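Single-structure report; data block below.
What follows draws every value from the coordinates through simple rules; no lab data is involved. Everything numeric in this text was worked out from a predicted model, so none of it was measured. Glycine gets a Cβ as well: all are built from the backbone with ideal geometry, and neighbour counts include every protein chain shown.
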Ligand SMILES: [Zn+2]
């Protein structure tokens, strides 16, 4: 097994560990970039907690990306593209239905590993009537260190192709407005995506997102979250010692 695949298996099992309640059964998926043209993604029907190297398939990034730009493409085209994009033409397994959003995120050179999960407390926020407001702010310094000063929020759309297009749209809007790459994407009525250059960056951001979400859920019993001011958030976001901590946490 290659070192990359070993790291991806370890990261995926961590995210799928039942004690963490980030994903159960077939929930969630993960990926890692092999080179600028190809990546490993979880095969459809596999389970994160018990996955091994046979649970991943190698897929072409440009072949998958073509369908995101094709406005006329629908479900039939998705099935065909996911088949055609397999690096090994004899491969019988199918890539995850969320392969398209992984492909898009892995076109960003700074991201090498992607983890997508449905963590319980994070989904309490994302499935609530206050999802946008609850996910908008920052509540303590380590929240900013692990998740950045802001996250991408994606309103609910149909999973698969439509979701991948919406993630791309909201991601590009975020980068243009904020001038930095996000560390986390929060999808309404769905779940979380964390991105990074190492498995540790992905798992740390997932861990902190879930911890923060648990605290925010609790604050609604006491009048709601007391979000930090923009000035205080910006201060943590730009402090050199905090940047050092971000690097250490990301491994
Ligand atoms: Zn999902």
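One table, with the values for the structure above:
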{"quantity": "Ellipsoid equivalent to the chain - semi-axes via the Cα gyration tensor, in Å", "calculated": "30, 19, 18"}
{"quantity": "Neighbour-count order for 46, 219, 238, fewest beta carbons within 10 angstrom listed first", "calculated": "238, 219, 46"}
{"quantity": "Fraction of beta bridges assigned by DSSP in the range 3-249 that are antiparallel (%, nearest 5)", "calculated": "90 percent"}
{"quantity": "Top of 92, 112, 183 by mean-square fluctuation, Gaussian network on the chain, Cα under 10 Å", "calculated": "92"}
{"quantity": "Ratio of Rg to Rh over the range 1-40 (Cα coordinates, Kirkwood Rh, two decimals)", "calculated": "1.04"}
{"quantity": "For the range 1-136: Kirkwood Rh in Å [reciprocal of mean 1/r, alpha carbons]", "calculated": "15.6 Å"}
{"quantity": "Efficiency of FRET from Cβ geometry, residue 89 and residue 230, R₀ 45 Å, rounded to 0.05", "calculated": "0.30"}
{"quantity": "The chain, relative contact order in percent, only Cα pairs under 8 angstrom and at least six apart counted", "calculated": "20 percent"}
{"quantity": "Semi-axes of the equivalent ellipsoid for the range 80-130, Cα gyration tensor, largest first, Å", "calculated": "29, 15, 9"}
{"quantity": "Extension gain, residue 19 back to residue 52 (0.36 nm per residue minus Cα-Cα distance, nm)", "calculated": "10.0 nm"}
{"quantity": "Approximate shape of the range 102-251 as ellipsoid semi-axes (Cα gyration tensor, √5λ), whole Å, largest first", "calculated": "21, 20, 14"}
{"quantity": "Residue list for the range 151-167, given a label point 7 angstrom along the Cα-to-Cβ vector of residue 222 and an amide N cut-off under 15 Å", "calculated": "none"}
{"quantity": "Sequence of 169, 13 once ranked by neighbouring C-beta atoms within 10 Å, starting from the fewest", "calculated": "169, 13"}
{"quantity": "Likely footprinting exposure, 207, 3, 197, fewest C-beta neighbours within 10 Å first", "calculated": "3, 197, 207"}
